[in-house]
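The structure under discussion appears below in the form of structure tokens.
Any read-out appearing in this document is the output of simple, stated calculations on the displayed coordinates, not a laboratory observation. Nothing here was measured: the structure is a model prediction, and the numbers come from that model. Cβ: placed from backbone, ideal geometry, glycine included. Neighbour counts: every protein chain shown.
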Amino acid sequence: MSSSREDQAYPPLSPFRVGLAGRCPRCGKGKLFTGFLTVAPQCEHCGLDLAFADSGDGPAFFVMSIAGFIVVGAAMAVELIYQPPFWVHALLWLPLGMAVPLLLLRPFKGVMVALQYHYRAEEGRQASDKS
């Protein structure tokens, strides 16, 4: 990760704002992603090395949980209120079950990477080891 001396030249940014926008967590101007979920090797604007960015399965877990509540909850409500045939459920909930995670995964990953930068999270270190 970058040194604190380099970071002092940039004002602190909200990790949620830059993460949701898919922007660099340091400058807020460069792109965070080169593909749909591929984190860029470095910021094109400020040069921040984004090699520290390893969100792992965190975003996928949260997205699956949220999407599951949304889709299953909506399917149960439709079933209890309207009792449609099964083909209607398949027509409604299969596309929604694919669309909701796809729409949420990139912003959640952006926020997780921005939070890693903001809190200087690193693998294999406890909070008491940081100085």
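Things to note:
- Under the criterion of Cα pairs below 8 Å and six or more residues apart, the relative contact order for the chain equals 34 percent.
- Annotation: the residues R23, R120, sorted from fewest to most other C-beta atoms within 10 Å of their own C-beta, follow the order R120, R23.
- Charge tally around P59: other residues with Cβ under 14 Å, Lys/Arg +1 each, Asp/Glu -1 each, net 0.
- Taking the longest Cα principal axis of the chain as reference, the axis of helix 58-82 is set at about 20 degrees.
- Note on the chain: GNM, Cα springs under 10 Å; of Q42, Q116, Q83, the largest mean-square fluctuation is that of Q83.
- The fewest-to-most ranking of Y82, Y117 by surrounding Cβ atoms within 10 Å reads Y82, Y117.
- Across the chain: Cys residues that no other cysteine approaches within a C-beta distance under 4.7 Å: none
- Modelled spin labels at L96 and A74, positioned 7 Å past Cα toward Cβ, are 0.4 nm from each other.
- Farthest toward positive dipole pole in region 4-122 [+1 Lys/Arg, -1 Asp/Glu at C-beta], among L91, I66, P41: P41
- Net charge of the neighbourhood of P101, taken over other residues with C-beta under 14 Å away and scored Lys/Arg +1, Asp/Glu -1, is +1.
- Calculated mean residue ellipticity at 222 nm for the chain: -17500 deg cm²/dmol, from DSSP H runs with n ≥ 4 weighted as -39500 (n - 2.57), summed, divided by the residue count and rounded to 500.
- Exposure proxy ranking, count of Cβ atoms within 10 Å, fewest first, for S65, S14: S65, S14
- Of [x] 1.36; [y] 0.97; [z] 3.23, the label for Cα Rg over 2.2 N^0.38 Å derived from the coordinates: [x]
- The C-alpha atoms of the chain define a longest principal axis, and helix 86-118 lies at about 10 degrees to it.
- Taken about its Cα centre, region 4-122 carries a charge dipole of roughly 340 debye when the Cβ of each Lys and Arg holds +1 and the Cβ of each Asp and Glu holds -1.
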